[in-house]
Amino acid sequence: MSRNSSRLNSVFYAESYHPIQAGSIDGTDVLPHDNAVYRAHLCSSAGLYDPFGDPKVAGDPYCTLFVGRLSHFTSEDTLRKAMSRYGRVKNLRLVRHIVTGASRGYAFVEYETEREMRRAYKDAHHSFIDDSEIIVDYNRQQLMPGWIPRRLGGGLGGKKESGQLRFGGRERPFRAPLRPIPLDDLKRLGIPPPPEGGYMSRSQVPSPPRRGQGSLDEEEVSHRSSMNREEHTHKRNSKDREDRVHWRSLDDVLDYSYHKTCVERRCDKRRHKDQEFSNRKSSVELEDKCHYGSSLEKEEAVRSSLDGEDRSRKRSSIDDDGHAKKRGKISSLEREDHKERETSDREERHDKSRSRDERERFHKHHKHRERSHQREGKRSTSQEYPSDY
């Protein structure tokens, strides 16, 4: 129990940077726990970030401090005045937004000597500038192996509100692990294991890295750093432009690969279109040659067809005239026949009307005779038999 309680207050700091380890609270994770850690791990394994590729970085990294959590209203003069309390400031660069020019909240301060830098590293941490509590750390971009910045998913520190904390730095060190350490998995991933027996307390301050040779002069150090930078820029310029692009995120890498495939497809389409155009051109030329060779035959055929059309037109006109004459004769015959039919119909109707009138007259006459006979019979009977009988 006492061993576990002592381990709760024990911490250790990272000497080299690994994205998966930085995302772990005790430095024993073997899998990325969020997308940002996964993106930083891909950038680290693919070698997409170059810590010496920033042309704005200048000066001796062993004499340079990182100052973070600055107020956005803090200017270069105010920062220089505050950091001059710990030594002579040789160079100062307040990082600003490339578009708006506003302060990004962090800066790099270079001192004249390494001793002055170490003094500021120890005393300026958690001090106040313009009512903002700052943090101070050494230049991890150039001095920490495997460093990946925050914009690529790496970095150190962070706020609890973001949910993307990074451990192993001065502000948030690794806790001593309370569970068994997976040494085989850590070795397979290239993650340095926790230092068993070499833990520190939270009150102890980790020292920044020292030079490999302490007897070097400042001029020789600056000369070596400038030579290294020139050699590195020469190597970078000798590479292909596509290989030396500095990616800011994994999305850019994927966009680049997608863009490359799209360009290849477009080139293939253009080649295919050019081939089709050449084939069409050759076929048109062949057709033109054939057309030029058979132009006389076509002209003769056209002339013969025109002569045939003229003859057919004449024949059709003659036929039309004969048909018109025949139609005239037929129409005159039809008129005469129609007149004869009309006259015969009139005669038939007249005969019918006469026969009907004669019948009516005959019936009237017959009735009249019958009536007269009846009257005469009555009279004879009245004469034969008197009235007083």
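The values are calculated or read from the model by the stated rules, or taken from the named source; none is laboratory data. The structure presented is a predicted model; accordingly, all values stated were derived computationally and were not measured. Note: ideal-geometry Cβ built from the backbone for every residue, glycine included; neighbour counts use all protein chains shown. Note: accessible area is taken over every heavy atom of the protein model, side chains too, but ligands, DNA and RNA are not part of it. Shrake-Rupley method; radii C 1.70, N 1.55, O 1.52, S 1.80 Å.
Here the contact order of segment 141-197, divided by its residue count and restricted to Cα pairs under 8 Å and six or more residues apart, works out to 16 percent.
Here the Karplus relation 6.51 cos²θ - 1.76 cosθ + 1.60, evaluated at θ = phi - 60°, turns the backbone of segment 334-349 into coupling constants of 5, 5, 5, 4, 5, 5, 4, 5, 5, 5, 4, 5, 5, 5, 4, 5 Hz, with x for every Gly and Pro. Peptides 181-194, 344-357, 79-92 ordered by packing proxy, namely the average of other Cβ atoms within 10 Å per residue, highest first: 79-92, 181-194, 344-357. Note on Arg202 and Val30: their simple-model spin labels are 3.0 nm apart, each label 7 Å out from Cα toward Cβ.
The value given for segment 54-93 is a Kirkwood hydrodynamic radius of 11.4 Å, derived from the mean inverse Cα-Cα separation. Coupling constants for segment 166-171 follow from the phi torsions by the Karplus curve (6.51 cos²θ - 1.76 cosθ + 1.60, θ = phi - 60°), and in residue order they are 10, 10, x, x, 5, 7 Hz; glycine and proline get x. Across segment 1-80, the convex hull enclosing all Cα atoms gives 200 Å³ per residue. Max-minus-min Cα coordinates of segment 1-155 on each principal axis give 48, 43, 28 Å, with the largest extent listed first. Taking the inverse of the mean 1/r over every pair of distinct Cα atoms in segment 174-216 gives a Kirkwood hydrodynamic radius of 13.4 Å. Contact order for segment 1-121, expressed relative to its length and based on alpha carbon pairs under 8 Å spaced 6+ residues apart, stands at 21 percent.
When the listed pairs Lys56/Lys122; Lys90/Lys122; Lys122/Lys160; Lys339/Lys364; Lys81/Lys122 are checked against a 28 Å cut-off, the alpha-carbon distance exceeds it for Lys339/Lys364. Annotation: peptides 367-373, 137-143, ranked by per-residue average of other Cβ atoms within 10 Å with the highest first, follow the order 137-143, 367-373.
Which log10 I(q)/I(0) values does segment 95-206 give at q = 0.16, 0.18 Å⁻¹ under the Debye formula, counting every alpha carbon as one identical point scatterer? Result of the Debye calculation: -1.03, -1.26. With the simple model of a label 7 Å out from the Cα in the direction of the Cβ, Glu112 to Ser75 spans 2.5 nm. In the full protein context, segment 73-164 carries 55 Å² of accessible surface per residue, based on a 1.4 Å probe and ignoring ligands, DNA and RNA. Note that segment 261-271 has calculated 3J(HN,Hα) couplings of 5, 4, 5, 4, 4, 4, 5, 4, 4, 5, 4 Hz, one per residue in order, obtained from phi through the Karplus relation 6.51 cos²θ - 1.76 cosθ + 1.60 (θ = phi - 60°); glycine and proline are x. Residues whose amide H lies under 5 Å from that of Lys90, counting only those 5 or more places away or on a different chain, are Glu110, Tyr111, Glu112; hydrogens are built 1.01 Å from N in the peptide plane.
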